[in-house]
Amino acid sequence: MLGPLLFTTYVSPVGELIESYGIYYHQFVDDTQLLVTTNSTDVSLAIDRLAHCSAAVRRCFLLNGLQLNAGKSEVVFLGTTAQLRSGADVTTIDVAESNLEVAPQLKSLGVIIDSHLRFDSHAKNVRHPGVQFPYPRPSPSAWFSYQRCRPNGGVQYCQFKT
């Protein structure tokens, strides 16, 4: 088992590798999260970039005596309903040389994130029965307005556990 400082020393250089593929990332303790943005016409290109990048990250970790845990890795598409339709035929994605099913939601740092970014599942999970939120739930049109303002193309999201 590596201590926090040694683990950080091993994992930090991987950021440059990820960025070389044009992919965004976030690292927190033992999580490395890859985020790929795409528009609806280039979904397959983005998935290929994710596959190549995650395989390179896996090899880099293996060279440093670390291993990705495919059993704890998850993939979800994020976007508006129209954006999600462009990737609807994609049911599995190759991540770090493992085929992962595209999930309707995942948990990231304790927050349940669903493909429409509505956070309904998260709110149901953390709210105690009988406790009301101090504000009314936004109307569907308010949600639609929020989603329309998001960047064009949606996001493909991948989370690794090392």
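Observations on the structure shown:
- Sorted largest first by accessible area at a 1.4 angstrom probe radius, with every protein chain in place, the residues F119, F77, F28, F61 fall in the order F28, F119, F77, F61.
- Ligands, DNA and RNA left out, the 1.4 Å accessible surface of segment 1-114 is 55% carbon and sulfur atoms.
- The distance between label points at N99 and L6 comes to 3.8 nm (points 7 Å beyond Cα on the Cα→Cβ vector).
- Rolling a 1.4 Å probe across the protein heavy atoms gives segment 1-130 an accessible surface of 58 Å² per residue.
- Ligands, DNA and RNA excluded, the heavy atoms of S108 present near 10 Å² of accessible surface to a 1.4 Å solvent probe.
- Cα Rg, Dmax, segment 1-100, angstrom units: 14.4, 45
The values are calculated or read from the model by the stated rules, or taken from the named source; none is laboratory data. Quick caveat, the model's predicted, so the values are computed rather than measured. Glycine gets a Cβ as well: all are built from the backbone with ideal geometry, and neighbour counts include every protein chain shown. Please note that ligands, DNA and RNA were not included when accessible areas were found on the heavy atoms of the full protein model with its side chains. Shrake-Rupley method; radii C 1.70, N 1.55, O 1.52, S 1.80 Å.
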